[in-house]
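> Structure below; questions to follow.
The values are calculated or read from the model by the stated rules, or taken from the named source; none is laboratory data. Quick caveat, the model's predicted, so the values are computed rather than measured. Reconstructed Cβ throughout: ideal geometry from the backbone, glycine too, with neighbour counts over all protein chains shown. Calculation scope for accessible area: heavy atoms of the full protein, side chains included, ligands and nucleic acids excluded. Shrake-Rupley method; radii C 1.70, N 1.55, O 1.52, S 1.80 Å.
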Amino acid sequence: MSGRPLQIRFLSSATRTGQLPDSDAEVAFVGRSNVGKSSLINALAHQKQLARVSNTPGRTQLINIFEHAGGGTLVDLPGYGYAKVPGRIRKDWPEMIEGYLLEREPLVMVFVLVDGAIGPTPLDGQMLAWLRENEVPHTVVATKMDKVKSSKRASRKRDLADGCRLDVGDIVWVSAAKGVNVDQLRGLVVGHLTPAR
Ligand code: GDP
């Protein structure tokens with residue numbers, strides 16, 4: 001892995017937006033469970049245990065907030081798709097997350113993680129539609145790109161982008177395992193947290 005690590009440290013967990021500390025600027029990471037969110041946050045920070053890989057029960061349903069040394073905060077939202085009852089995100093997903101995304105004042109960017117090896121799931125599609133509908137600023141990050149054969153990568157990227165109704169160039173293509181484009185994503189995160197003053 002290369003690049004300077006993202007300097008973040010765990011601050012606290014919350015069950016609702018009102019319990020979160022003040023922040024100048026905040027970015028959030030969201031995606032269905034097992035998408036590789038913990039691995040990616042750990043790769044950004046060059047730490048193995050910052051966000052738990054294969055989340056421990058009990059912490060999975062919490063909003064976990066990290067303080068960035070250069071200013072601002074980073075939030076790890078619970079993975080969606082945990083609930084047993086199938087259906088719309090509104091049913092599946094705790095109300096607190098919708099509340100967070102709609103009400104959290106310092107929130108400047110939501111990074112929506114989509115599994116690059118399997119493409120967007122119907123839940124991912126619903127999530128993106130909901131974010132668009134509610135005009136929540138977001139960027140799609142495709143994870144686990146090392147799992148896609150290089151010969152298939154170009155067509156997979158096109159299919160995934162089509163599935164998200166985006167252009168290939170709108171998506172950040174990463175592999176936490178191989179450290180691919182983690183620097184690029186880190187740059188985006190830092191840019192949102194510490195805009196030119
Ligand atoms: P989370 O539930 O979204 O936090 O996902 P995790 O970070 O716990 O990862 C879920 C599984 O995917 C684990 O077995 C990880 O080792 C694996 N994984 C995560 N990122 C990558 C990646 O970039 N490449 C590969 N090949 N596997 C990954």
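> Need the C-alpha centroid separation for the stretch 133-151 versus the stretch 8-45, integer Å.
17
> Out of Ala154, Ala25, Ala117, any idea which swings most in a Gaussian network model of the chain, alpha carbons joined below 10 Å?
Ala154
> If you don't mind, there's one more thing I want to ask. List the trypsin sites (Lys or Arg not before Pro) within the stretch 101-174 that fall in a DSSP loop (any state other than H, G, I, E or B) and whose Cβ has at most 14 other Cβ atoms within 10 Å.
Working: sites: Arg104, Arg132, Lys144, Lys147, Lys149, Lys152, Arg153, Arg156, Lys157, Arg158, Arg165; in loops: Arg104, Lys144, Lys149, Arg165.
Here the sparse-neighbourhood loop sites are Lys149, Arg165.
> So for the chain, taking the charge dipole from beta-carbon charges (+1 Lys/Arg, -1 Asp/Glu), which of Ala154, Ile171, Asn134 sits furthest toward the positive end?
Farthest towards the positive end: Ala154.
> Same structure, new question: Pull out the extension gain between Arg165 and Asp146, defined as 0.36 nm times the separation in residues minus the alpha carbon to alpha carbon distance; nm, one decimal.
On the way: separation 19, 0.36 × 19 = 6.84 nm, distance 2.27 nm.
Separation in residues times 0.36 nm, less the Cα-Cα distance, equals 4.6 nm.
> Quick one: putting +1 on the C-beta of Lys and Arg, -1 on the C-beta of Asp and Glu, what dipole do you get for the chain around its Cα centre, in Debye to the nearest 20? Could the numbers behind the result be given before it?
Values: 26 positive and 20 negative charges, 188 e Å.
I would put it at about 900 debye.
> How much length, in nm to one decimal, is gained on full extension between Asp183 and Gln61, taken as 0.36 nm per residue of separation minus their Cα-Cα distance? The partial results should precede the final answer.
Values: separation 122, 0.36 × 122 = 43.92 nm, distance 2.83 nm.
So the chain would gain 41.1 nm between Asp183 and Gln61.
> Anyone know which of Gln126, Gln47, Gln19 comes out most mobile in the 10 Å Cα GNM of the chain?
For the chain, modelled as a Gaussian network with Cα springs under 10 Å, the answer is Gln19.
> Considering amide H positions built from the backbone, and no H for Pro or chain starts, which residues 5 or more places from Ser12, or on another chain, come under 5 Å of its amide H?
Amide H neighbours of Ser12, under 5 Å, 5+ apart: Ile65.
> Report the accessible area of His192, computed with a 1.4 Å probe over the heavy atoms of all protein chains in place, in Å² rounded to the nearest 10.
We get 60 Å² for His192.
> So, for the chain, what is the accessible surface per residue at a probe of 1.4 Å, expressed in square angstrom? Mind showing how you got there, number by number?
Working: 9870 Å² over 197 residues.
Value for the chain: 50 Å² per residue.
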